[in-house]
Structure formats: C-alpha cells, structure tokens
Amino acid sequence: MTQGGSPQGATPPAAGKRAPAFYLADQNGQKQRLSSFKGFKVLVFFYPKADTPGCTTQACGLRDIAGEVGGTVILGISPDEPAKLAKFDAKYELGFTLLSDPEHKTAEKYGVWVEKNMYGRKYMGVQRSAFLINEKGTVAASWPKISPKDTPTKLLAALESI
C-alpha cells in the first residue's frame, strides 16, 4: 500500500485530471452514473459513515448552502447501504443524492479508501475528501482529507473562482 493511498496505490485525482467514473445505487435504490451529470458542475464528497457527528456536520453544511451553488450537483458517497442513506437523508432533510459504495470500489478509484488508525487499531476506511468536477468531467478542485466544516466553504470559494 502506498502512503496515503488506497490498497491499489491510487491517489486522489488532482485538478486537471479526469474524474473516475462510477455507477452506484442512491438512497432510493436507483443506479446513478457520474457521466449522467455531464454538462453540470458536480461536488463528489466521500464520508465514512452516515449519521455520525462529523458526517452529519458535513452533509448538513452542504444542505445549508445548496441554494448558493447554482446548478452544481451534490453527490455524497459512503460505504453505507441505500436504506441507511435514505434514513440519513430523511432525518436531516438533506435533499441531495447519497450514493452507496459498500464494496468501496469507487472510494478506491478516488484514492480515498485508506488505512486508518484509531486507538492503536488499524483498519481500512474512507478518508473524508471532496472533489469538484467541471461540466466536462474533469476535476476542477480536489480536497483530500477535508474537514467536515470546511467542505461547504471550500466549495463556495471554488465555484467563485472557476
């Protein structure tokens, strides 16, 4: 494993690189492709687990600025199953698409499935990260290891600059 990368050695895509494709079930069980959002800016954010404190802070922060991002699509991705994502969406009235990546294949493609260490125990999990993808499917901004509170402000700043 490479330092800070996924088991396959993928690193998070940098600005200017093509965003890795995905095809995942949303909170309603409907399959979604990144390519179906071509022509729109898309924020793809990865979070470890629905309805935990940091993930709730991040998702609710994005919900609170959704009216300020114009036509930008917001997509959250976690290893949670669609039913858990649906409960998370309903509980906090998020109003954007949450995608289920239980086998973490998309997280691996984005280089955010990493070794973590908590209280001396090592395990694999999602590194909270966000990527702004432009209308042509290219990464416009990349924020590996982003904090929950910084996600909305970084997105707004990036949208102003592109």
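No lab work stands behind these numbers, since they all come straight from the coordinates. These numbers were taken from a predicted model, which means no experiment stands behind them. Reconstructed Cβ throughout: ideal geometry from the backbone, glycine too, with neighbour counts over all protein chains shown.
By DSSP, the beta bridges lying fully in the chain are antiparallel in about 70 percent of cases.
Pairs exceeding 29 Å between alpha-carbon atoms, taken from K84/K136; K17/K116; K17/K91; K91/K149: K84/K136; K17/K91. From the alpha carbon centroid of region 7-63 to that of region 107-162 is 9 Å.
Taking amide hydrogens as placed 1.01 Å from N in the peptide plane, the amide H of I133 sits under 5 Å from those of V42, L43, V44, A140, each at least 5 positions away in sequence or on another chain. I want to verify a result. In a Gaussian network model of the chain, Cα cutoff 10 Å, which of these has the top mean-square fluctuation: A59, A90, A140? Looking only at A59, A90, A140, the biggest GNM fluctuation is shown by A90.
Among P20, P12, P79, the largest mean-square fluctuation in a Gaussian network model of the chain (Cα springs under 10 Å) belongs to P20. When only the Cβ of Lys, Arg, Asp and Glu is charged (+1, +1, -1, -1), the dipole of region 23-161 relative to its Cα centre reaches about 340 debye. Taking amide H positions as modeled 1.01 Å from N, with prolines and chain starts lacking one, no residue 5 or more places away or on another chain lies under 5 Å from H104. For A19, the residues 5 or more places off, or on other chains, whose built amide H falls under 5 Å of its own are T138, V139. Largest GNM mean-square fluctuation among N117, N28, N134, using the chain with Cα springs under 10 Å: N117.
Take every pair of alpha-carbon atoms less than 8 Å apart whose residues are at least six positions apart; their mean separation over the length of the chain yields a relative contact order of 33 percent. Look at the dipole of region 23-161 built from charges on Cβ: of S35, L85, P48, the Cα furthest out on the positive end belongs to P48.
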